[in-house]
Amino acid sequence: MIRAIVYKSNTGFTKKYAELLSAETGLPYYALSENRVKSGEPVIFMGWLSAGKIKGYSKALKKYDVRAVAGVGLRAQDSAALNELITQNKISDVPAFYLRGGLDMNRLRGMNKFLLKMFYKMMSDKAKDGDAEALEIVDAYRNNKDFVSLENLKEMLDWYRSAL
Ligand SMILES: Cc1cc2nc3c(=O)[nH]c(=O)nc-3n(C[C@H](O)[C@H](O)[C@H](O)COP(=O)(O)O)c2cc1C
């Protein structure tokens, strides 16, 4: 029996997914840093993506019995994003999900903001050549996009309900 949703969020999009998942499943949700769930308990872990890595995942694996993991990023939610998430985070024995979050430059700070600006510069060059994914990222950067939706959680919810 899964005990809780544990998440790590930097600017709030992963937290929104944790809230939505909690509302749908009735599971409580806590930030990883809160340390509210006892070691060894079965949990669902959700973390934001930075350079392909799910932040907090390795810590969560050491502390909890992670029964499913979700990575929240900016890129489009499709099977290519999920496959990369699985390889880059060496996920082998738990169900994994990729969820599209968003971008809010006003909430980014320090090194993360700097890195995102560099990434934006790269993407705007690609966008000039008509690259569709780059165009979307440039749009998200300029307009602070939020892609969080219940619809995006559908597969994860289907998994949860079937695992009950
Ligand atoms: C430094 C940095 C690196 C990022 N790397 C990725 C990435 O590799 N893949 C991706 O899809 N999104 C990437 N993003 C976008 C974030 O994962 C996205 O904004 C996410 O919704 C943030 O979630 P949060 O609000 O819970 O922190 C990156 C963002 C930053 C600031």
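The values are calculated or read from the model by the stated rules, or taken from the named source; none is laboratory data. Just so we're clear, the structure is a prediction, and the values are computed from it rather than from any experiment. So basically every Cβ, Gly included, is an ideal-geometry build from the backbone, and we count neighbours across all protein chains shown. Note: areas computed on protein heavy atoms with side chains; ligands, DNA, RNA excluded. Shrake-Rupley method; radii C 1.70, N 1.55, O 1.52, S 1.80 Å.
In region 74-84, is there at least one residue being outside the structural domain of K15 (by TED's automatic domain parsing), of a type in the set (A, V, I, L, M, F, W, C) and open to solvent by less than 30 Å² (accessible area, probe 1.4 Å)? The answer is no, given that none of the residues of region 74-84 is outside the structural domain of K15 (by TED's automatic domain parsing), of a type in the set (A, V, I, L, M, F, W, C) and open to solvent by less than 30 Å² (accessible area, probe 1.4 Å). Just so you know, in region 129-142 the residues that are free of Cβ contacts under 8 Å to residues at least 60 places away in the same chain and within 20 Å of the chain's Cα centre (by Cα) include one that is most open to solvent (accessible area, probe 1.4 Å), and it is E133. Among the residues of region 20-35, those that are at pLDDT 95 or above and outside any strand (DSSP E or B) comprise L20, L21, S22, A23, E24, T25, G26, L27, P28, L32, S33, E34.
Applying the condition of being within 11 Å of the ligand (Cβ to nearest atom) and charged (D, E, K, R) to region 85-104 and asking which residue is surrounded by the fewest Cβ atoms within 10 Å (Cβ to Cβ) yields D104.
Scanning region 8-26 for residues that are closer than 20 Å to Y160 by Cβ and touching a Leu at 6+ places or on another chain (Cβ under 7 Å) gives K8, Y17, L20, L21, E24.
Among the residues here, Y30 qualifies as in contact (Cβ under 8 Å) with a residue 12 or more places away in the chain and open to solvent by 30 Å² or more (accessible area, probe 1.4 Å). The single condition from (1) away from the ligand (no atom under 13 Å from the Cβ); (2) not assigned by TED's automatic domain parsing to the domain that holds W159 that Y30 fails is (2). Number of residues in region 54-73 that are open to solvent by 30 Å² or more (accessible area, probe 1.4 Å) and in contact (Cβ under 8 Å) with a residue 60 or more places away in the chain: the value is 1.
All conditions but one from (1) under 23 Å from T11 (Cβ atoms); (2) surrounded by 15 or more Cβ atoms within 10 Å (Cβ to Cβ); (3) charged (D, E, K, R) apply to K126; the one that does not is (1).
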